[in-house]
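Okay, structure first, notes after.
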Amino acid sequence: MKIVCAWCLKEGKPGLMGEMEPKHDPTVSHGICPEHRLQVEAELIRTAEEAERFRKEAEDLRRKVDP
Ligand SMILES: [Zn+2]
């Protein structure tokens, strides 16, 4: 069974991370390589920060409308 990085596949890279027993099993399991894990985590942090910023803006607006 092969383990490949789904993100690498999307970029057209082989993304092979390793093999697991049984090796004759042609099943491909999808994972994420350390490089793409960092990218995805950075993206999540950025999204969370943006959501927090929007929340604060919405709160400010509400205070202006209804103090
Ligand atoms: Zn990858």
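The values are calculated or read from the model by the stated rules, or taken from the named source; none is laboratory data. Because the structure is predicted, anything quoted here is derived from the model rather than measured. Ideal geometry is used to build each Cβ from the backbone, glycine not excepted, and the neighbour counts take in all protein chains shown.
Please count how many residues of the stretch 1-34 are charged (D, E, K, R) and either at pLDDT below 95 or in a strand (DSSP E or B) (or both).
5
From the list GLU21, GLU11, which one is over 16 Å from the mean Cα position of the chain (by Cα) and loosely packed, with under 10 Cβ neighbours inside 10 Å? Outline the logic, then answer.
Working: GLU11 fails: over 16 Å from the mean Cα position of the chain (by Cα).
Going through GLU21, GLU11 in turn, the sole match is GLU21.
Being of a type in the set (Gly, Ala, Ser) and either in contact with a Pro (Cβ under 7 Å, 6 or more places away or on another chain) or within 10 Å of the ligand (Cβ to nearest atom) (or both) is the filter here; which residues of the stretch 1-25 pass it? Working first, answer last.
Filtering the stretch 1-25 down to residues of a type in the set (Gly, Ala, Ser) leaves 6, 12, 15, 18.
Hits for the stretch 1-25 are ALA6, GLY15.
Take the residues in the stretch 26-63 that are within 16 Å of the ligand (Cβ to nearest atom) and of a type in the set (Gly, Ala, Ser); name whichever of them is surrounded by the fewest Cβ atoms within 10 Å (Cβ to Cβ).
ALA42
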